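Please read the structure below before turning to the comments.
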């Protein structure tokens, strides 16, 4: 029997904060959902936006990192494989397809969980809170004047 290929790469925004849980034997598992936005032109040649929602499952140390550093609205790239689950609920057979993540790349920079520029209050943005350290002043940009137009010798660079 030939082997199949089951690889998924998704980039989107978290629709909710990741939920970290522990299995009875102590293994970490985190669940979250990604919103995947796309657009297409309809029959009237007008743009229509569509959002798909995909459930993601992470295990072990990856689950702990995702839970610690990711939060609702943050962007990430998920690599993994599709897996379906079957169960019975209220006499009905249910099936769900999820992505079992093997890697999650955090695309939004800076801050810890829940901390982004958009999450700061107006006081914090203006710097009027006394509990925060004052941000260091930014040095003026360095202006380079190149009168000679000579090529740069890489041996002259000290690093």
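Bear in mind these aren't lab numbers, they're just calculated from the coordinates by the rules spelled out. Because the structure is a prediction, the values reported are computed rather than measured. Quick reminder, even Gly has a Cβ in these numbers, built from the backbone with ideal geometry, and neighbours come from all protein chains shown.
Data for the structure
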{"read-out": "Residues 106, 32, 53, sorted so that the one with the fewest Cβ neighbours within 10 Å comes first", "value": "53, 106, 32"}
{"read-out": "The stretch 8-108, relative contact order [Cα under 8 Å, separation at least 6], %", "value": "30 percent"}
{"read-out": "Sorted by Cβ density within 10 Å, fewest first, the residues 42, 52", "value": "42, 52"}
{"read-out": "5, 66 arranged by Cβ crowding within 10 Å, fewest neighbours leading", "value": "5, 66"}
{"read-out": "Distance cut-off 24 Å, percentage of C-alpha pairs in the stretch 8-108 lying past it", "value": "32 percent"}
